[in-house]
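Structure record follows, encoded as structure tokens.
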Amino acid sequence: MATAFYGLHIAKTGLYASQKGLEIVGNNIANVNTEGYTRQQLNVSSLKPPGASGTLLGIEKAMVGAGVRVESIKQCRDKYLDIQYRQGNSDMGEWQIKADSLFTVEDVFNDTSNAELEDVLGLFFSSLEELSKSPEGAEIRTLVRQHAIVLTETMNNYSNRLERLQNELNDNISVVVGQINSLITSIHDFNNQILKYERNGDNANELRDKRNTALDNLSNLIGISYSENSAGVVTVTIGENNVCVVDESGEHSLSAEKIMPDYFGNSDSFYAVLLPTGAVAQISDIGGGALKGYFDMRDGDNLANIGVPYFIKKLDDLTAAIVETVNEVHNQGYTYPSSENGEISKNGVDFFNPENISAKTMSLSNELIESIFNIAASSVEITGDFHKGNGQNALKMLDILEKEDIAVISNIHQHLKSIISDIAVQTSYSNGRVDNENILLSSISYKKSCVSGVSTDEEITNMVMFQKAYSASARLITAIDEQLDTLINRMGIVGR
Amino acid sequence: MRVTDSMLTSGLMSNLYANLKTMSKYQNQIITERKILRLSDDPIGAVKAMQIDAILNANEQYDKNISDATAWLDQMNTALMDMNEVVMRAKDLAVQAASGTYSQEQRDSISQEVKELQSHFVNLANTKFMGKYIFGGFNTTATPFSVNDGKISYNSIDDLSSATKTEAAAEANQIRQCRLSDSITFDVGINGVQIMGIGADNIFNVFQSFNDFLTGDNTSGNLSEFTDKFSAAQDSIMTHLADVGGKQIRVDLITQQHQSAELNLYDTLNKVAGIDKTEVITQYEMTKNAYNAALQVGARIIQLSLVDFLR
């Protein structure tokens, strides 16, 4: 036989449970807009009758359960969606960086001012045309040299801007490694806190939310995989070779050190990432994320991996084509005798500086800097006054620069076209990749939100539910109170 | 399926962003009147547009070359016409002198005129245009023809009457050229030595010997011979005129080709990189409507919740 106060006890558990439920509703609504918050749910179970365990002796039939027990407050989270999200987030991080960098490369070549390479080349060719018509004019020669200087400076400028972009990418590698390390540290800290908190069987929901956010952020920066053990400690590894960065034993940070040569061969200028073991990280050790994006863009110099050096190299090829073709023809021509060059008409003079040919260092030859009359427009030696109007060699330069069927070196315009088309196609491709990853990520986020997000309608419904349950439990206590009142105060006073 | 608040708001926001992005694209297209704002918008179109731009730029230069060549040829034409007049007058004088019985006085006055004509002819052969001698070949800066002691020299040839054919050919090869298109390198006009001719019958010499005959310094031959010689000179000048005229016609034809090619190029460029304003504005309006609708629906949906209906 249950005690007289048994009912009160049952009603009390009901009050507690409803109160807890209302608190959870409050917490959920308060966090409706909190980033990374996972919806919480009350997990209750009914209590078995007292003494029902063990022997059945002396127990009355039809014992009523002892009420309700709050088991835990659980999080509504789909771990499989987390894995999907983090994989997508790594790709997103990588391609976002690539698209951003290529956007800048595109800006270099898509200059809206009048310094577009195509225009500058066009002006240089035009000035050569004018030279072929008026080789005896000092003003036309000045024009040719001026346009040639603009051409070399534009090439230098393009190459410098690409180099600057490459250096920015390099600096960012060190920044990202710093961010990765700070996330690794916080994941490790959360691991410890969760371990302590959950030792007594509680759920460290808020700490888990924070750790999940840290993992989300980490996956954007580098390719990760992870697993959680029964004690709640997460082990994180990076890259395809699963190098461990966080486990039970602690955090193992990466570091960035300037030990690689840069594009121009200056040693100890580019960062390499060192693994916790001290080894230099390969691209496969990084696996993905923004860090891989920075590495690919900084170092990519072939068709399979198009990065900034690829475009610098292409510019260098274009420069070599211009310098070598122009010089070859210019060498065959004769200079114009003038007091500036000692009244000598000679051949074998270079137009552009033939040493260290690259877009970064492209410049005019010393002879041309010295005098505009060293532009060799004439096809024969100029003696006396005859042949001063000879512009045949200027014509020859134009023929070779613009002709389509030169086997030795392809047409300058074709060269430029291939650079522009590489940039356009690659930028458009990476923009497309970013769009796709965005769609994928938002669809996963949508699903995540579907499971973990807070719905105010639902919470309000729950609120009403818990409120009614609370009132009902309270009413039950009143009922039992009346029952006890009858028992205590009104019994045994019959006929009084 | 649960639909949560964050799903509604983020869905609304991403739809609004997508609409705004499209609107801003159309806006930029209308303002710049260009379809391709960045290379990556349309890689194939961008490269094609760049190619056409390059050809149009080059054509602009070729147009300049053409107008220079035209002016140059016009100048040659005028000079040759004047030369023709001079030779014609000399021929008339030769006929006059041959027909009547002229006194030495009359012959002297004819001789005076012939001398004038001769020096005028040399002046015409030394015609300058924009500061350059047009009949001097590659020698544009120094007087190509000069008279010394009754002999005429041209550039490196000291005396045309004793010049060899090889010497003359070397000078005649010097014809200024300019590029009128990618494939056409055009000879602009003719060379002075071609007009003047070499040997004893070069035009200067014909004047000279006629004059000598009139003044009595030279008695060999007869007067009717000079009529023939001036006729021959006139023929040769007419031939050169025809040559220059032919070149002028060719330049005109090339100009026409250029213009029609340019028209086609602009047309293609417009198709590749230009916009159809009506179409873009219509699309802009459609996107704007969609944006409006998204805003209105969004505003209504996110306003409502169960809270509004509970007492």
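See the values below:
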{"item": "Filter pass, residue B:58 being touching a residue at least 60 places away in the same chain (Cβ under 8 Å), more than 14 Å from chain A (Cβ to nearest Cβ), of a type in the set (Gly, Ala, Ser) and more than 26 Å from residue B:172 (Cα to Cα)", "result": "no"}
{"item": "Criterion: modelled with pLDDT of 90 or more, among the aromatic types (Phe, Trp, Tyr) and at negative phi - qualifying residue of B:230, B:309", "result": "B:230"}
{"item": "Counted residues, region A:443-496 - those being aromatic (Phe, Trp, Tyr) and away from chain B (no Cβ under 11 Å)", "result": "2"}
{"item": "Checklist (1) within 14 Å of chain B (Cβ to nearest Cβ); (2) within 27 Å of residue A:32 (Cβ to Cβ) applied to residue A:139, failing item", "result": "(2)"}
{"item": "Considering residues of region A:151-210 that are under 24 Å from the mean Cα position of the chain (by Cα) and acidic (Asp, Glu) only, the residue nearest to residue A:273 (Cα to Cα)", "result": "A:171"}
{"item": "Enumeration of residues in region B:72-93 that are away from every other protein chain (no Cβ under 11 Å) and over 30 Å from residue B:215 (Cβ atoms)", "result": "B:73, B:74, B:75, B:76, B:77, B:78"}
{"item": "Qualifying residue in region A:330-342 (condition: part of a helix (DSSP H, G or I) and buried (at least 20 other Cβ atoms within 10 Å of the Cβ))", "result": "yes"}
{"item": "Pick from region B:19-34, criterion at pLDDT below 90 and not basic (Lys, Arg), ranking: farthest from residue B:273 (Cα to Cα)", "result": "B:32"}
{"item": "Residue list for region A:419-442, filter: more than 16 Å from residue A:92 (Cα to Cα) and within 7 Å of chain B (Cβ to nearest Cβ)", "result": "A:420, A:421, A:423, A:424, A:425"}
{"item": "Members of region A:143-178 that are farther than 30 Å from residue A:355 by Cβ and surrounded by fewer than 18 Cβ atoms within 10 Å (Cβ to Cβ)", "result": "A:171, A:174, A:175, A:178"}
{"item": "Those residues of region A:355-370 which are surrounded by fewer than 18 Cβ atoms within 10 Å (Cβ to Cβ) and within 21 Å of residue A:117 (Cβ to Cβ), in sequence order", "result": "A:356, A:361"}
{"item": "For residue A:308: the one exception among (1) free of Cβ contacts under 8 Å to residues at least 24 places away in the same chain; (2) more than 30 Å from residue A:236 (Cβ to Cβ)", "result": "(1)"}
{"item": "Hits in region A:64-75 - residues which are exposed (fewer than 14 other Cβ atoms within 10 Å of the Cβ) and either outside any strand (DSSP E or B) or not assigned by TED's automatic domain parsing to the domain that holds residue A:17 (or both)", "result": "A:64, A:65"}
{"item": "Selection count where residues are over 17 Å from residue B:206 (Cβ atoms) and either more than 13 Å from chain A (Cβ to nearest Cβ) or not hydroxyl-bearing (Ser, Thr, Tyr) (or both), scope region B:124-152", "result": "17"}
{"item": "Near pairs, Cβ below 6 angstrom, 6+ apart or cross-chain, from region A:344-373 (touching a residue at least 40 places away in the same chain (Cβ under 8 Å) and of a type in the set (Lys, Arg)) to any residue that is in a helix (DSSP H, G or I) and crowded, with 19+ Cβ neighbours inside 10 Å", "result": "A:360/A:159"}
{"item": "Subset of region A:255-281 that is touching a residue at least 24 places away in the same chain (Cβ under 8 Å) and either among the aliphatic types (A, V, I, L, M) or within 20 Å of residue A:237 (Cβ to Cβ) (or both) - its residue that is surrounded by the fewest Cβ atoms within 10 Å (Cβ to Cβ)", "result": "A:277"}
{"item": "Check on residue B:50, in contact (Cβ under 8 Å) with a residue 60 or more places away in the chain and either assigned to a helix (DSSP H, G or I) or within 11 Å of another protein chain (Cβ to nearest Cβ) (or both)", "result": "no"}
{"item": "Some residue of region A:390-405 being out of contact with any helix residue (DSSP H, G or I) (no Cβ under 8 Å at 6 or more places or on another chain), farther than 25 Å from residue A:110 by Cβ and surrounded by 14 or more Cβ atoms within 10 Å (Cβ to Cβ)", "result": "yes"}
{"item": "Counted residues, region B:266-311 - those being within 14 Å of chain A (Cβ to nearest Cβ), in contact with a helix residue (DSSP H, G or I) (Cβ under 7 Å, 6 or more places away or on another chain) and of a type outside the set (A, V, I, L, M, F, W, C)", "result": "1"}
{"item": "Top-ranked residue of region B:282-304 - restricted to ones that are hydroxyl-bearing (Ser, Thr, Tyr) and in contact (Cβ under 8 Å) with a residue 12 or more places away in the chain, ranked as surrounded by the most Cβ atoms within 10 Å (Cβ to Cβ)", "result": "B:287"}
{"item": "Residue match in region B:179-202 (condition: surrounded by fewer than 14 Cβ atoms within 10 Å (Cβ to Cβ), under 24 Å from residue B:79 (Cα atoms) and within 14 Å of chain A (Cβ to nearest Cβ))", "result": "yes"}
{"item": "Yes/no for residue A:166 being in contact with a helix residue (DSSP H, G or I) (Cβ under 8 Å, 6 or more places away or on another chain), farther than 21 Å from residue A:92 by Cβ, modelled with pLDDT of 90 or more and among the polar types (S, T, N, Q)", "result": "yes"}
{"item": "Selection from region B:11-47 of residues that are assigned to a loop (DSSP other than H, G, I, E, B) and either free of Cβ contacts under 8 Å to residues at least 12 places away in the same chain or within 10 Å of chain A (Cβ to nearest Cβ) (or both)", "result": "B:36, B:37, B:38, B:42"}
{"item": "Yes/no for residue B:247 being within 38 Å of the chain's Cα centre (by Cα), buried (at least 16 other Cβ atoms within 10 Å of the Cβ) and within 30 Å of residue B:60 (Cα to Cα)", "result": "yes"}
{"item": "Per-region count, region B:56-92, residues at pLDDT below 90, of a type in the set (A, V, I, L, M, F, W, C) and surrounded by 16 or more Cβ atoms within 10 Å (Cβ to Cβ)", "result": "1"}
{"item": "Set A:181, A:160: member being in contact (Cβ under 8 Å) with a residue 60 or more places away in the chain and within 23 Å of residue A:306 (Cβ to Cβ)", "result": "A:160"}
{"item": "Search result, residues across region B:269-311 that are assigned to a helix (DSSP H, G or I), more than 30 Å from residue B:29 (Cα to Cα) and of a type in the set (S, T, N, Q)", "result": "B:303"}
{"item": "Qualifying residue in region B:280-294 (condition: touching a Leu at 6+ places or on another chain (Cβ under 7 Å), in the same structural domain as residue B:24 (by TED's automatic domain parsing) and of a type in the set (A, V, I, L, M, F, W, C))", "result": "yes"}
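The values are calculated or read from the model by the stated rules, or taken from the named source; none is laboratory data. Nothing here was measured: the structure is a model prediction, and the numbers come from that model. All Cβ positions, glycine included, derive from the backbone under ideal geometry; neighbour counts span all protein chains shown.
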